Amino acid sequence: MQAIAVLALPLALWLDRVAGEPPARLHPVVAMGRWLALAGPRVAPPAGQGAGGRWRIAAGGLAWGAGALAFGLAAWGAQRWLATLPVWLALPLLVLLLKPMFAWRMLADEVRAVENALAQSLDAGRARLAWLVSRDVAALDAAGVRESAIETLAENLNDSVVAPLFWFAVAGLPGAVVYRYANTADAMWGYRGERGGRDWTRAGRVAARVDDALSWLPARLTALLLWLAAGLARCRRAARPMRRPPRAASAWRSRPRRRARRRPTAAGRWARWRCCSACGCASPAATRSTRPDARRSAPTRCARCCWRAGRGVCWPGGCRR
C-alpha cells in the first residue's frame, strides 16, 4: 500500500490540475460541511445570550469528535478495502479519493479571478476579493486588493495543499480526511464571538485548537517552501542577464557582416557599426571607400570585447544587451 500511496500523490496533483474539483453532490468536503452545519446550532447558543458555560466547550468537542470519527473510520475502511484490490485498480481509486482533500487549482483560479476582475474595474476587483477574505474591502485600492489576494493565496496554501498532503504522507488517506475535516470545522466554527447568529466563543474552541495543532508543522513546512521558491526566483532574475544569447556567435560573425558588405543604406553608406561607451571600442562609420579588412575588423573587435565584458552582442546600430 505504501508504494501505491507514493504513486497516488503525483497522480492526484495531476488530476487536480487537469480536472479540478468534483461535483458538489459527490464532494466529501461538502458532506463534512453539511454535518457541521447540522450540529452547529445545537452546540452554539444564539447571539446575545452569552457564550454559555463550560459545558458548551464539551458539547462542541463531542460534536466535532463524532464527525471526525465518522469520516476517519470511513477513510480507514476505504484504505483497507483498497489494500485488497490489485494495483491497477487500487491506484486510480486512491487517486480519486485523495484528490478532493486538497484544492490547488481552485485556489489559484480564485486568486487569478481577482486579478481579472481588477482589470475591469476597482469595484469588480473588490467584489471578487470579498469571496476570499472576511475583512472589509471597501477601502482598499488596487494595490491593496492585489496584496490581499496574494496574502490569501499564501495563507491558504497550507490549509488547501501542503497540510492535507503532509498528513496523507504521515497517516495515509485517514490522515488527509481527518485534517480536511478539522480545517473545515475551524472555518465554520472556529470564531471568537458572534457569527451567523450564533456565539462560537466556547462552542468552537475545540475545533479551532485542533486545527491549530494539526497545522503547526505543515505551516512551518509551507513557510520553508515559500522561502525556497522566493530564493529560486531571485536567483533566476539575477542570472538572466548573464545568460548567453542563443546563436550569439553566428549572429555577429556572419549576419551583420554579410549585410554590411551587400546592403548599403538609403544614403548610400554601409551599415554603421557603433558600440556602447562601456565597451571602449567605438568605430567610425564604414563607407564604400573603406577597405574591406577595416570594415570587417571593426565589428569583429567590437563584438569580442563586448562579449568578454558581458555586455551582449554587437549588432548594426550599436551593442544590444
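When ALA113, ALA19, ALA51 are checked against the criterion of being of a type in the set (Gly, Ala, Ser) and either modelled with pLDDT of 95 or more or crowded, with 18+ Cβ neighbours inside 10 Å (or both), a single residue qualifies: ALA51. At least 3 residues being over 24 Å from ASP16 (Cβ atoms) is the threshold, and among the helices (runs of 4 or more DSSP H) wholly inside the range 40-151 those reaching it are 55-83, 104-120, 122-129. Can you find even one residue in the range 28-37 that is assigned to a helix (DSSP H, G or I), buried (at least 17 other Cβ atoms within 10 Å of the Cβ) and β-branched (Val, Ile, Thr)? Yes, the range 28-37 has at least one match. Filter the range 137-152 for residues that are without any contact (Cβ under 8 Å) to a residue 12 or more places away in the chain and within 21 Å of the chain's Cα centre (by Cα); which is nearest to MET101 (Cα to Cα)? Here the answer is GLU151. Consider the range 96-110 and keep the residues that are of a type in the set (A, V, I, L, M) and touching a Ser or Thr at 6+ places or on another chain (Cβ under 9 Å). The one that is surrounded by the most Cβ atoms within 10 Å (Cβ to Cβ) is ALA103.
For every residue, the table says whether it meets (1) under 15 Å from the mean Cα position of the chain (by Cα); (2) under 24 Å from ALA208 (Cβ atoms); (3) surrounded by 20 or more Cβ atoms within 10 Å (Cβ to Cβ); (4) modelled with pLDDT under 90.
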{"site": "ALA130", "(1), (2), (3), (4)": "no, yes, no, yes"}
{"site": "ARG135", "(1), (2), (3), (4)": "no, yes, no, yes"}
{"site": "ALA154", "(1), (2), (3), (4)": "yes, yes, no, yes"}
{"site": "ASN158", "(1), (2), (3), (4)": "yes, yes, yes, no"}
{"site": "VAL161", "(1), (2), (3), (4)": "yes, yes, yes, no"}
{"site": "ALA171", "(1), (2), (3), (4)": "no, yes, no, no"}
{"site": "VAL177", "(1), (2), (3), (4)": "no, yes, yes, no"}
{"site": "ARG180", "(1), (2), (3), (4)": "no, yes, yes, no"}
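A single member of ALA66, ALA59, ALA70, ALA24 is out of contact with any strand residue (DSSP E or B) (no Cβ under 6 Å at 6 or more places or on another chain), without any contact (Cβ under 8 Å) to a residue 40 or more places away in the chain and over 29 Å from TRP104 (Cβ atoms), and it is ALA66.
The values are calculated or read from the model by the stated rules, or taken from the named source; none is laboratory data. Quantities reported herein were computed from a predicted structural model and do not represent experimental measurements. Because the Cβ atoms are built from the backbone with ideal geometry, glycine has one as well, and the counts that use them run over all protein chains shown.
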